[in-house]
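Structure first, then comments.
Quick note: the coordinates plus some simple rules give every number you see, no bench work behind them. Here the structure is a predicted model, which means the values were calculated and not measured. Ideal geometry is used to build each Cβ from the backbone, glycine not excepted, and the neighbour counts take in all protein chains shown.
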Amino acid sequence: MKILVFNCGSSSIKFKLFHMPDENVLAEGLVERVGSKDAFASLKTPQGKTETNLSIVDYPSGFSVIKSMLLNPEHGAIKSLSEVNACGHRVVHGGESFGGSMPIDDELETGIEAVFELAPLHNPPNLTGIQQARLIFGDIPQVACFDTAFHHSIPERAYRYALPEKLYTEYKVRRYGFHGMSHQFVARQAAQMLGMHKYSVNLITCHLGNGSSVAAIRDGHSVDTSMGLTPLEGLVMGTRSGDLDPGILFYLCRKGYDTDSLDTLLNKQSGLLGISGSSNDVRDLELKADGGDERAELALDIFAYRIKKYIGAYMAVLNRVDAIVFTGGIGENGAAMRNRILSNMDQQGIIIDEMRNSVHAGVPGEIQAQTSRIKVMIIPTNEELAIARDTFKLTKN
Ligand code: ADP
């Protein structure tokens, strides 16, 4: 069975074709800067690479370029569209309705549209991608995989804010959590690596990339996570502030900021970039900090400190923690950052082996010292594969 996975952003379309159930990747590609004159599309298959910078003015033309790249007789991956048996789509926000991946029909599309307001940058392009795929591939099954779904198990005391109930009942203001496909994927893999049942493992999973979040997982189910109503809450991120005193917002309003400028400030100009004044990339900041840049050093320090605080909080929530799992670009590759985060936690039962930590990059494994009570694991995430697996599970019959 061939499953095509789509991850559609506001100006990019990522796609990957899997052969299931053996999980072989038959093709992967990307359309970047949709709508701009510098739009660019690429496809990689075992046969070679195709690149094109045809005009890609909108989503329909992006999808038609994807179709012709996949069908390209030289470097393509399929001879006819009918070889694709199902499509899986990443959908960022599922609101309160979707607690798992779902087959797509008109009603489900309406459900995705109903939460546009909660994810105005993500859900509209996600839905456009679904509609284009349904147009192009006709009657084959399509599946929506929600970033929020894995966190549906979070109890009310963790997902409710201390606001008047009306804000929850009328406006659905609550914590939803994101990166669910990633937290779930690494949690299942961690259970396997630990030789435990997927529903008996207790974990703290740290997804650290440009966007970052932590999840507390009890018996394989998410019971708390750092992102909230939107992906702005929680950890310090590349350009997002994460947690802050809401009083700052009123203070800045009185200084002349309006809704849009606050949105830009907190989502695009804060985090590592805002503190360092120079970069949102951990690698750049580490080089700068080594060269004596104090603001870069401070940015890394605040980033690590916030994660340490969440790990401490989730240890208190879970009581028993089998392993702390690192994933995402920083979590998988950033040995120095992992060290910063977990330093001085020996009294909590966490000691990392510096040697194992420093040699471990991008491959699954454990990096704790022999004397560490809690295991520390690196598990590369694979959200596309998680979507392909769910799509396969829901459509194989
Ligand atoms: P996204 O959230 O966009 O998917 P990624 O998970 O790819 O992001 O993570 C991107 C981040 O990973 C970059 O900002 C960079 O700081 C970090 N990163 C990648 N490689 C390393 C490395 N070797 N050491 C430290 N950080 C790294």
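Annotation: amide H-H contacts under 5 Å for Gly88 (H modelled 1.01 Å from N, sequence separation of 5 or more, or interchain): Leu4, Val5, Phe6, Val143. Between Ser358 and Asp38, the distance separating the two model label sites (each 7 Å from Cα on the Cα→Cβ line) works out to 3.8 nm.
Hydrodynamic radius of the stretch 113-158 by the Kirkwood approach over all distinct alpha-carbon pairs: 12.6 Å. Relative to its residue count, the stretch 162-219 spans a Cα convex hull of 109 Å³ per residue. Note on the stretch 255-357: dipole from Cβ charges, positive end direction compared against Val321, Asn267, Met355; the farthest Cα belongs to Val321.
Membrane-span-like helices in the chain, defined here as complete DSSP H runs extending at least 24 Å along the helix axis by their C-alpha atoms with mean Kyte-Doolittle hydropathy no lower than 1.0, are absent; this is a sequence and geometry rule, not a statement about a membrane. Using Cβ point charges alone (K and R +1, D and E -1), the dipole size of the chain about the Cα centre works out to roughly 540 debye.
When the Kirkwood radius is taken over all Cα pairs of the stretch 110-215, what Stokes-Einstein diffusion coefficient follows at 20 °C and 1.002 mPa s, in µm²/s? Answer, rounded: 131 µm²/s.
Whole-percent P(r), the stretch 331-397, all Cα pairs, 10 Å bins from 0: 21, 39, 19, 16, 5, 0. Applying the criteria of a DSSP loop state and at most 14 other Cβ atoms within 10 Å to the GluC sites (Glu not before Pro) of the stretch 9-40 yields Glu23. For the stretch 7-100, a simple Cβ point-charge model (Lys and Arg +1, Asp and Glu -1, everything else neutral) yields a dipole of about 160 debye relative to the Cα centre.
In whole angstrom, the stretch 193-252 maps to an equivalent ellipsoid with semi-axes of 30, 12, 7, each derived as √(5λ) from the alpha carbon gyration tensor and ordered largest first.
A convex hull fitted to the Cα coordinates of the stretch 201-316 yields 110 cubic angstrom per residue.
Averaging 1/r across all pairs of distinct Cα atoms in the stretch 232-287 and inverting the result yields a Kirkwood radius of 11.7 Å. The convex hull of the Cα atoms of the stretch 13-161, projected and averaged over all directions, covers 10.2 nm².
Calculated mean residue ellipticity at 222 nm for the chain: -11500 deg cm²/dmol, from DSSP H runs with n ≥ 4 weighted as -39500 (n - 2.57), summed, divided by the residue count and rounded to 500. Kirkwood analysis of the Cα pair distances in the chain returns a hydrodynamic radius of 22.2 Å.
Only Cα pairs under 8 Å and 6+ residues apart enter the sum, and on that basis the relative contact order of the chain stands at 13 percent.
Its Cα centre serving as origin, the stretch 142-217 has a Cβ charge dipole (Lys and Arg +1, Asp and Glu -1) of approximately 80 debye. Quick note on the stretch 287-380: its Rg to Rh ratio, both from C-alpha atoms and Rh being the Kirkwood radius, is 0.97.
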